[in-house]
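For reference, the structure is listed below as structure tokens.
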Amino acid sequence: MHFINVIVNIFYPNACGICGNISKYDICPKCIKKLNEIKQCKKHIYLTKSFTDEMYIFKYEDLVRESFIKYKFGEQNYRYKAFANFIIKDKKICGFLKKYDIIIPVPISKKRMKQRGYNQSELIIKECAKLDKDIRVCTNILYKIKNSKPQSSLNKEQRKINLKGAYELKNSETIINKKVLLFDDIYTTGSTLEECAKVLKEARAYEVSVLTFAKD
């Protein structure tokens, strides 16, 4: 087995999920230092939205934006390990995750899943749960049933209309009176997260909050 691993590493060397350079770590020390320098971890409390707390880790710009575009649209799904590792190694972010009974990654439609091959948010948060057993992730509750237009091509009002009826719940009894955290990759206008949170609140979730890796 060791011999096979050596051969695999020669032909398919591990790369840092942020800069893409060859590294024995999923995220290299140089990128950890850079990310720590630009990390924000800002939290907001909303009284007019379906979700209460909202935390984002980075502004969606420069190094973070560049690596996420490659991850999300460049078929470089190996990068999810770097994002997950950064989350888990940060005590503040990890503590925020553990406040919730259930963590739900924002789902994508079956058509989008077929095109991309993976749900970018799900990969990250599932890896977090693998690295820390106290984090409970559920992917069998919230589903996207409508293949809506890409949100990036729409303005704020169009985004709201575009997502009407796009999500449904299964196993909804699981979230009754539970503190639920929605995890998504990028927060832009918040329309996607608002629609998901609304569906969860209507199903009697006690509280719904949001964590995103970056905010536009």
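The values are calculated or read from the model by the stated rules, or taken from the named source; none is laboratory data. Everything numeric in this text was worked out from a predicted model, so none of it was measured. No Cβ is skipped: glycine too gets one built from the backbone with ideal geometry, and neighbour counts run over all protein chains shown.
Please pick out the residue among Ala129, Ala214 that is surrounded by fewer than 19 Cβ atoms within 10 Å (Cβ to Cβ), among the hydrophobic types (A, V, I, L, M, F, W, C), touching a strand residue (DSSP E or B) at 6+ places or on another chain (Cβ under 7 Å) and outside any loop (DSSP other than H, G, I, E, B). Break it down stepwise before answering.
Values: Ala214 fails: surrounded by fewer than 19 Cβ atoms within 10 Å (Cβ to Cβ).
Within the list Ala129, Ala214, the selection yields Ala129.
Among residues belonging to the stretch 142-155 that are modelled with pLDDT of 70 or more and more than 18 Å from the chain's Cα centre (by Cα), point out the one that is farthest from Ser109 (Cα to Cα). Step through it out loud before you land on a result.
From the stretch 142-155, those modelled with pLDDT of 70 or more are 142-148; that's our starting set.
Then keep just the ones that are more than 18 Å from the chain's Cα centre (by Cα); that gives 145-148.
On the way: Ile145: 6, Lys146: 6, Asn147: 6, Ser148: 8 Å.
Among those that are modelled with pLDDT of 70 or more and more than 18 Å from the chain's Cα centre (by Cα), it is Ser148.
Only residues that are in a helix (DSSP H, G or I) and closer than 17 Å to Lys130 by Cα: list them for the stretch 97-115, please.
Correct list: Leu97 only.
Looking at (1) at pLDDT below 95; (2) of a type outside the set (Lys, Arg); (3) crowded, with 17+ Cβ neighbours inside 10 Å, which one does Met113 not meet, given that it meets all the others?
The single condition Met113 does not satisfy is (3).
So in the stretch 191-211, with the set limited to residues that are small (Gly, Ala, Ser) and in contact with a strand residue (DSSP E or B) (Cβ under 8 Å, 6 or more places away or on another chain), which one is surrounded by the fewest Cβ atoms within 10 Å (Cβ to Cβ)? Spell out the reasoning first.
Filtering the stretch 191-211 down to residues small (Gly, Ala, Ser) leaves 191, 197, 203, 205, 209.
In the following step, the residues that additionally are in contact with a strand residue (DSSP E or B) (Cβ under 8 Å, 6 or more places away or on another chain) were identified as 197, 203, 205, 209.
On the way: Ala197: 25, Ala203: 18, Ala205: 25, Ser209: 22.
That would be Ala203.
Looking at (1) farther than 21 Å from Ser191 by Cα; (2) free of Cβ contacts under 8 Å to residues at least 60 places away in the same chain; (3) in contact with a helix residue (DSSP H, G or I) (Cβ under 9 Å, 6 or more places away or on another chain), find the lone condition where Asn119 falls short.
Result: Asn119 passes all but (1).
Can you tell me which of (1) aliphatic (A, V, I, L, M); (2) more than 22 Å from Asp216 (Cβ to Cβ); (3) in contact with a strand residue (DSSP E or B) (Cβ under 7 Å, 6 or more places away or on another chain); (4) without any contact (Cβ under 8 Å) to a residue 40 or more places away in the chain is the one Leu47 doesn't meet?
For Leu47, the exception is condition (3).
Scan the stretch 49-93 for residues that are buried (at least 21 other Cβ atoms within 10 Å of the Cβ), of a type in the set (Val, Ile, Thr) and either more than 13 Å from the chain's Cα centre (by Cα) or not in a strand (DSSP E or B) (or both) and jot them down.
Val64, Ile87
Just to be sure I understand, how many residues within the stretch 26-53 are within 22 Å of Leu123 (Cα to Cα) and either in contact with a helix residue (DSSP H, G or I) (Cβ under 8 Å, 6 or more places away or on another chain) or β-branched (Val, Ile, Thr) (or both)?
Looking only at that region, the number is 6.
Please give the number of the condition Ile88 fails out of (1) modelled with pLDDT of 90 or more; (2) in contact with a Ser or Thr (Cβ under 8 Å, 6 or more places away or on another chain).
(2)
Which condition does Asp101 not pass, out of (1) at pLDDT 95 or above; (2) over 12 Å from the mean Cα position of the chain (by Cα); (3) within 21 Å of Asp216 (Cβ to Cβ), if it passes all the others?
(3)
What's the number of the only condition in (1) part of a loop (DSSP other than H, G, I, E, B); (2) of a type in the set (Gly, Ala, Ser); (3) touching a helix residue (DSSP H, G or I) at 6+ places or on another chain (Cβ under 6 Å) that Gly165 fails to meet?
Going through the list (1) part of a loop (DSSP other than H, G, I, E, B); (2) of a type in the set (Gly, Ala, Ser); (3) touching a helix residue (DSSP H, G or I) at 6+ places or on another chain (Cβ under 6 Å), Gly165 breaks only (3).
Kindly list the number of the only condition in (1) over 26 Å from Ser67 (Cβ atoms); (2) among the β-branched types (Val, Ile, Thr); (3) touching an Asp or Glu at 6+ places or on another chain (Cβ under 7 Å); (4) crowded, with 19+ Cβ neighbours inside 10 Å that fails for Ile175.
(3)
Hey, Tyr100 hits all of (1) closer than 15 Å to Lys39 by Cα; (2) hydroxyl-bearing (Ser, Thr, Tyr); (3) buried (at least 21 other Cβ atoms within 10 Å of the Cβ) but one; which does it fall short on?
It fails just one condition, (1).
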